[in-house]
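Let me begin by presenting the structure, written as structure tokens, before commenting on it.
Derivation of every value follows stated rules applied to the coordinates shown; laboratory data play no part. Since this is a predicted model, take the numbers as computed values, not measurements. Counting neighbours? That spans all protein chains shown, and the Cβs are built from the backbone with ideal geometry, glycine included.
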Amino acid sequence: IPALDVVELKKTYPNGVQALKGVSLSVQPGDFFALLGPNGAGKSTLIGILSSLVNATGGDARVFGVSVLRQRSAAMRLIGLVPQELNFNLFEKPFDICVNSAGFYGIPRRVAAERAEKYLKQLALWDKAFDAARAMSGGMKRRLMIARAMMSEPKLLILDEPTAGVDIEIRRSMWKFISGINAAGTTVILTTHYLEEAEQLCRNIAIIDHGRIIENTSMKQLLGKL
Ligand code: ADP
Ligand code: ADP
């Protein structure tokens, strides 16, 4: 079964904007998948639906066979989301930020502490784990968002423009970490409007524009066409 199967997904906002006009796409387990599109294309709406922040108005989306529309809490256990905006408390310690987020999933404290160490190490944040998060650089804060999302050990990790607004060096360093997570077995989907980012990282790609998928292919094939 696909890691993600989106079928004729539609979203019309109350003001009448048709943000998704019947989007279908499929992501295989283990894939590293890019959703590329300009501002206003519908990327955030799609991610909002996958993470239960936005209600779809038609169609379905299944994560490893579980519908995010009809089996919401089961689907949420399979998905990790890294939103664009930093949304942790800067006065807390990275270790506590991770452990507390695991509490939300009912993960026992001892397991949470082990995982926090594992993922903070994997994202090269362990030496900052017990200082207030505000002491970290911009790139580190973004990596902390990823470590936190990994605490529930999601089968599908979704990153919404993970490198938006960071400079090229930090971007490249983040690419390495995100690739590492994929290499360790997690299916990864990211949205981006940098083709270079998709090109460097992803095996498969969908391009969304005005609420429709206009291309869905392997990165290799797409680059052959350009
Ligand atoms: P992207 O993430 O690709 O920039 P969005 O999903 O944010 O695209 O937006 C798709 C379209 O839906 C845009 O026209 C946007 O203005 C509109 N839109 C997004 N959120 C809302 C909302 N809460 N209410 C009304 N329209 C919205
Ligand atoms: P992004 O950069 O992620 O695409 P946007 O700037 O499109 O984000 O949207 C920021 C926020 O404003 C989102 O919560 C989105 O749902 C909301 N939004 C976007 N467009 C509209 C709109 N036309 N009407 C109401 N809310 C909107």
Q. What tally of residues in the range 71-98 results from selecting those that are in a helix (DSSP H, G or I) and without any contact (Cβ under 8 Å) to a residue 40 or more places away in the chain?
A. 7
Q) With ILE1, ILE79 as the choices, which residue is more than 16 Å from ligand 2 (Cβ to nearest atom), under 19 Å from CYS202 (Cα atoms) and β-branched (Val, Ile, Thr)? A) ILE79
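Conditions tested, residue by residue: (1) closer than 14 Å to ILE158 by Cα; (2) of a type in the set (Phe, Trp, Tyr); (3) within 16 Å of ligand 2 (Cβ to nearest atom); (4) in contact (Cβ under 8 Å) with a residue 60 or more places away in the chain.
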residue	(1), (2), (3), (4)
GLY16	no, no, yes, no
PHE33	yes, yes, no, yes
LEU53	yes, no, yes, no
ASP60	no, no, no, no
Q.
I'd like to know if the range 43-51 contains one or more residues that are in a strand (DSSP E or B), within 16 Å of ligand 2 (Cβ to nearest atom) and within 17 Å of the chain's Cα centre (by Cα).
A. no
Q: State the number of residues belonging to the range 1-34 that are surrounded by 17 or more Cβ atoms within 10 Å (Cβ to Cβ) and within 9 Å of ligand 1 (Cβ to nearest atom).
A: 3
Q: Could you grab me the full set of residues in the range 18-31 that are more than 16 Å from ligand 2 (Cβ to nearest atom) and either in a strand (DSSP E or B) or of a type in the set (Ser, Thr, Tyr) (or both)?
A: GLY22, SER24, LEU25, SER26, VAL27
Q. Right, SER137: hydroxyl-bearing (Ser, Thr, Tyr) and free of Cβ contacts under 8 Å to residues at least 40 places away in the same chain or not?
A. yes
**Q.** Scan of the range 38-51 for residues that are more than 20 Å from LEU157 (Cα to Cα) and buried (at least 19 other Cβ atoms within 10 Å of the Cβ), ordered by number
**A.** ALA41
(Q) Looking at the range 103-114, can you tell me whether even one residue there is under 21 Å from LEU156 (Cα atoms), within 13 Å of ligand 1 (Cβ to nearest atom) and surrounded by 18 or more Cβ atoms within 10 Å (Cβ to Cβ)? (A) no
Q. Being within 27 Å of LYS11 (Cβ to Cβ), under 17 Å from the mean Cα position of the chain (by Cα) and in a loop (DSSP other than H, G, I, E, B), is that true of even one residue in the range 181-193?
A. yes
